[in-house]
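Only one structure is covered here, and it is reproduced in the block below.
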Amino acid sequence: MRDVSDIVKAYDIRGVVPDQLDAELARAFGAAFAELVRTPSRTERRDSIVIGYDMRPSSPELAAAFADGVTAQGLDAVLIGLASTDMLYFASGHLGLPGAMFTASHNPAQYNGIKLCLSGASPVGQDTGLAQLRDRVNAGQPSPQPGAPRGTISERDLLTAYADFLHGLVDIRGSRQLTVVVDAGNGMGGYTVPAVLSGLPLRVVPLYFELDGTFPNHEANPIEAANMVDLQKAVLAEGADLGLAFDGDADRCFVVDERGEIVSPSTITALVAERELAREPGGTVIHNLICSRTVAEVVRESGGTPVRTRVGHSFIKEVMASTGAIFGGEHSGHFYFRDFWRADSGMLAALHVLAALGRQDGTLSALLAPYDRYVASGEINTTVADAAARMAAVEAAYTGRDGIEIDHLDGLTVSAADWWLNLRPSNTEPLLRLNAEAVDVATMERVRDEVLLVVRG
């Protein structure tokens, strides 16, 4: 069996089908995951694993092979069929089972992958099981337990239960009528959005709801501005109140206001944080270190405690668990909710935006104006031969300056009274990622250009 080290990433398993990931490997990962959650020394011990998959052409076969590996180890497989990633997290929490979701999120059609969680949607990352799975599969597929009967495969339809659960967390039935354009990007939003948004005071204008893992219209990656153009045009053409865009596995949500302008995920984080703190005063809210300063300011203004973390869902969920945080947001469009098993749900964030807008008479841009306090560079990637050396050079350039603070929570962060920057190496590519924010355009551009001169010099 081939070496799987290249496809076992920090947070999931992901590779090109069939060159890097095929049914044989999916079966091996299923057997290894069953072995992991069956180990008596783990408190996680369970006798079933819940499995979902997205609309990619390769997903049903890979999910079936994974289930075969699970049942060969004597555990049962509960198949929920087509699902968004947050629907799989719901299934894991609702059923109290470990889970596996077959998806490559926003990656192109030739990719697929596996996102894994323990019961209660607890994440499985490098330090919480992925490294063990990698080593076990590289050593050979686990053999069935001697004398153990083969597990069974059953099917569960959880789409309605998922929608009902979300409605119980955010109720928008008393809101005014809104027109919303939704771009599903031919991804799983085309499956979950009708179930969640039907019967609500909404006129939904669908874009690309047909499930098609070849992504014939545009990549299902709304963090790239080019993939938001169709939604922006449709919002203006329909005179809509807002637009929503979901990525391929519909765990991330991006928002467009009534002017067709893309709303920063940091702004959505601030809005949802304020709403959650109104419901639970004094709570803790998590934000990663490339979110706007606005987020921490709004949390404090709302009587909450902001906690800054590294980038990445496993870090967010870990800190949410240790602090008891009620909500967490990332600038990448991931939003985490304590009452959703600390898992991320783009759909739940979308419901918060719809509820906030629907309960007042103004526009979305007016509603969000108080959160528009700073100017951001957006993420700027630079290919470098020696990331550590370039980061050290940037740090040296700012060390000793008055009013400058430097930390290494995640990469290099340099902060001043009216600006900050973060420079982080990619986990998978020879890249440095720069994010900068300031009180005005001129300051942001000055800081951005100073850093890029050193990085690219």
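List of remarks:
- For the chain, the longest principal axis of the Cα atoms and the long axis of helix 229-238 meet at an angle of about 70 degrees.
- Farthest positive-ward along the chain dipole, Cα basis, beta-carbon charges - from 146, 55, 28: 146
- Å² of accessible area per residue within segment 1-158, as computed with a 1.4 Å probe and no ligands counted: 38
- Paramagnetic label reach from residue 407 (point 7 Å along Cα→Cβ; backbone nitrogen cut-off under 14 Å): within segment 275-296, residues 286-293, 296.
- Extension gain from residue 279 to residue 135, taking 0.36 nm per residue of separation minus the Cα-Cα distance: 47.4 nm
- The chain, relative contact order in percent, only Cα pairs under 8 angstrom and at least six apart counted: 12
- In segment 108-154, the ratio of gyration radius to Kirkwood radius, Rg to Rh, stands at 1.05 when only Cα atoms are counted.
- Under the convention that each Lys and Arg Cβ holds +1 and each Asp and Glu Cβ holds -1, the size of the dipole of the chain around its Cα centre is about 840 debye.
- Most positive-pole-ward Cα, 322, 357, 375, against dipole of segment 304-403 from beta carbon charges: 322
- Here the gap between residue 154 and residue 426, fully extended at 0.36 nm per residue and compared with their Cα-Cα distance, gives a gain of 93.9 nm.
- Axis angle, to the nearest 10 degrees, between helix 441-456 and the longest C-alpha principal axis of the chain: 60 degrees.
- Within segment 225-376, DSSP assigns beta bridges of which about 60% are antiparallel (rounded to the nearest 5).
- Charge dipole (debye, nearest 20) of segment 42-157; +1 at Cβ of Lys and Arg, -1 at Cβ of Asp and Glu: 220
- If R0 is 30 Å, the Cβ-Cβ spacing of residue 195 and residue 361 corresponds to a FRET efficiency of close to 0.55.
- Set of segment 78-120 residues, backbone N closer than 19 Å to the point 7 Å along the Cα-Cβ line of residue 224: 103-113
- Distance from the Cα centroid of segment 233-310 to that of segment 197-228 is 19 Å (rounded to whole angstrom).
- Helical content alone sets the calculated 222 nm signal of the chain at -11000 deg cm²/dmol, taking -39,500 (n - 2.57) per DSSP H segment of four or more residues and averaging over every residue.
- HN-Hα J in Hz across segment 24-32 - Karplus 6.51, -1.76, 1.60, θ = phi - 60°, x for Gly and Pro: 4, 5, 4, 5, 5, 5, x, 5, 5
- Percent carbon-and-sulfur accessible area, the chain, ignoring ligands, DNA and RNA, probe 1.4 Å: 49
- Counted over the chain, the DSSP beta bridges are approximately 60% antiparallel.
- Rolled with a 1.4 Å probe across the full set of protein chains, the surface gives residue 134 an accessible area near 60 Å².
- Prolate/oblate/rounded label for segment 306-399 (Cα gyration tensor, a/c 1.5): oblate
- Residue-span extension gain [residue 418 to residue 441] - 0.36 nm each, minus C-alpha spacing: 7.1 nm
- Sorted on the mean count of surrounding Cβ atoms within 10 Å across their residues, most packed first, peptides 68-77, 340-349, 293-302, 16-25 read 340-349, 68-77, 293-302, 16-25.
- Förster radius 22 Å - calculated FRET efficiency between residue 236 and residue 164, Cβ distance, rounded to 0.05: 0.05
- Accessible surface, 1.4 Å probe, highest first, among residues 319, 181: 319, 181
- Solvent-accessible area of residue 167 with every protein chain in place, 1.4 Å probe, in Å² to the nearest 10: 50
The values are calculated or read from the model by the stated rules, or taken from the named source; none is laboratory data. Just so it is clear, the model here is predicted, and its values are computed rather than measured. Please note: Cβ atoms are built from the backbone with ideal geometry, for glycine as well, and neighbour counts cover all protein chains shown. Side chains included, ligands, DNA and RNA excluded: accessible areas come from the protein's heavy atoms. Shrake-Rupley method; radii C 1.70, N 1.55, O 1.52, S 1.80 Å.
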